Amino acid sequence: MTIGQAGNLALVAAIGYFLGSVPSGLLIGRWLRGIDVRTIGSGRTGATNVMRGLGPRGFILTFASDTAKAVLAVLLGGMIAADPEILVIGQSLGGLAAIVGHNWSIFIRFSGGRGVACSFGAMLVLYWQGALAGIIIAAIVIALTRYVSLGSLVGTIGGLLVTTGGVALFSAALPLAAFAGACAVIVIVQHRDNIDRLFRGTERRIGG
C-alpha cells in the first residue's frame, strides 16, 4: 500500500466517523417532541429507543437517517479511495467508521446507538444480498417474538452468514466478510445488556 493510499483511507475513516457521529435520534427527538431520547428507555439514540418516546414515526425517521448516513459514508469512501486496489477496503472502512461514530459519537460524549441501522445501510451498498437477508430475518423474528433486540441480533448474524457465503461461493470481495464480521461483533457487544435480559426473561417486548 502506498503512502497516498494510506492517506486516502485515513481520510475515509475520519469522514465516516464524523458522519456516523451525527446523533440522528437525538435531533429527531428534539425536533418532533422537544425531548432528549437519552432520558427515556435504554438511553440510546437508536431507532428502537426513539420509538419508545416518539412512536412509529420517530422510529422510521431515525432508522432512515441512521441508514442514510452509513450509505453516504460508504459512497464517499468509494469516491475517495477510488484506486481499484483499495476501493472495497475504502468503502468498507467508511461504513465501519460510520457505525463506530454512531455508537460512540464525539458530539454526545461518546454515547449513541447500537449500530443496527448503520450496519444495514453500509451493507446495503456493499453487498445488498446480505442486507436484504438480514432485514428479512430480523422482521420475521420480531414479528414472531416481538423482541426487537432478538430480531436485530439474529438478523445481523444472518446477514453475516449470507455475506460470508457470497465471499466463499461467489467470489465476492474478501473485505466484505471482514466488514460483516466486524458489524456482527459490534452489534452483539452493544446488545450485551439485552442478551442478559433475554436469558433472564425480562427483556421488553414491543407493546409491553
Mind listing whichever residues of region 173-208 are within 17 Å of Ile99 (Cβ to Cβ) and of a type outside the set (A, V, I, L, M, F, W, C)? Pro175, Gly181, Gln190, His191, Arg192
Which numbered condition in (1) part of a helix (DSSP H, G or I); (2) touching a residue at least 60 places away in the same chain (Cβ under 8 Å) is the only one that Gly207 fails? (1)
Residue count, region 157-208 (criterion: touching a Phe, Trp or Tyr at 6+ places or on another chain (Cβ under 7 Å), surrounded by 17 or more Cβ atoms within 10 Å (Cβ to Cβ) and not hydroxyl-bearing (Ser, Thr, Tyr)): 4
State whether one or more residues within region 98-116 are among the β-branched types (Val, Ile, Thr), closer than 14 Å to Phe63 by Cα and crowded, with 24+ Cβ neighbours inside 10 Å. yes
Within region 35-55, is there a residue that is more than 22 Å from His191 (Cα to Cα) and assigned to a helix (DSSP H, G or I)? no
Criterion: touching a Leu at 6+ places or on another chain (Cβ under 9 Å), modelled with pLDDT under 95, assigned to a helix (DSSP H, G or I) and closer than 18 Å to Ala173 by Cα - qualifying residue of Val74, Val88: Val88
Residues Gly43, Gly34, Gly7: which one is free of Cβ contacts under 8 Å to residues at least 40 places away in the same chain, on the phi > 0 side of the Ramachandran plot and either of a type in the set (D, E, K, R) or surrounded by fewer than 18 Cβ atoms within 10 Å (Cβ to Cβ) (or both)? Gly34
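The values are calculated or read from the model by the stated rules, or taken from the named source; none is laboratory data. Only a predicted model underlies this, so the values are computations on that prediction, with no experimental measurement involved. All Cβ positions, glycine included, derive from the backbone under ideal geometry; neighbour counts span all protein chains shown.
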